[in-house]
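Encoded as structure tokens, the structure appears first; notes follow it.
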Amino acid sequence: MYLSNSELKQLDLLKKKSPSERFLLMLQLIGGQIEAMKAGIRYQNPKLDEMGVDKCLRERIIKIYSLKH
């Protein structure tokens, strides 16, 4: 498998960051994914309150990462 020039540049930029900076980037990416999932839940269930959205999010995350499908 070959990496594109863009992917190689991204890897080079990441190598220049400290471990704590890379960790912060990872947290930001995960946070963005969670917000996108919440937006999808709100779109599909417009009447849910914030607690309902959080419950659905928790259930989806458990389903995604559970080995018991």
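The values are calculated or read from the model by the stated rules, or taken from the named source; none is laboratory data. No experiment lies behind these values; they were computed from the predicted model shown. Here the Cβ is made from the backbone with ideal geometry for all residues, glycine too, and neighbour counts use every protein chain on show. In case anyone asks, the SASA skips ligands and DNA or RNA and just uses the protein heavy atoms, side chains included. Shrake-Rupley method; radii C 1.70, N 1.55, O 1.52, S 1.80 Å.
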Please report, in debye to the nearest 20, how large the charge dipole of the stretch 1-67 is about its Cα centre when each Lys and Arg carries +1 at its beta carbon and each Asp and Glu carries -1 there.
-> 80 debye
Using only the alpha-carbon atoms of the stretch 21-61, report the extent along each of the three principal axes, biggest first, to the nearest angstrom.
-> 38, 16, 14
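Might you tell me the accessible area per residue for the stretch 10-64, computed with a 1.4 Å probe and given in Å²? Could you put the intermediate results ahead of the total?
Working: 4660 Å² over 55 residues.
Averaged over the residues of the stretch 10-64, the accessible area is 85 Å².
With all distinct Cα pairs included, what does the Kirkwood hydrodynamic radius of the chain come out to in Å, to one decimal, could you say?
Values: mean 1/r = 0.0677 Å⁻¹.
Value: 14.8 Å, from the Cα pair sum.
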What spacing in nm lies between the two simple spin-label points modelled at ILE34 and MET1, each 7 Å away from Cα in the Cβ direction?
-> 2.7 nm
Determine ³J(HN,Hα), in whole Hz, for all residues of the stretch 12-17 in sequence, where each value follows from phi through the Karplus function 6.51 cos²θ - 1.76 cosθ + 1.60 and θ = phi - 60°; x replaces Gly and Pro.
-> 4, 5, 5, 5, 7, 8
DSSP loop trypsin sites (Lys or Arg not before Pro) with at most 11 other Cβ within 10 Å: longest gap in the chain | 17-46
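How long is the gain from TYR43 to LYS63 if the chain were fully straight, where each residue apart is worth 0.36 nm and the alpha carbon distance is subtracted? If you can, show how the numbers build up before the last one.
On the way: separation 20, 0.36 × 20 = 7.20 nm, distance 1.95 nm.
Length gained, TYR43 through LYS63: 5.2 nm.
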Taking 0.36 nm per intervening residue step and subtracting the Cα-Cα distance, what contour gain separates LEU27 from LEU11 on full extension?
-> 4.0 nm
Projected onto the charge dipole of the chain (unit charges on the beta-carbon of Lys, Arg, Asp and Glu, signs +1, +1, -1, -1), the Cα from ILE64, GLY32, SER18 with the largest positive-side position is that of ILE64
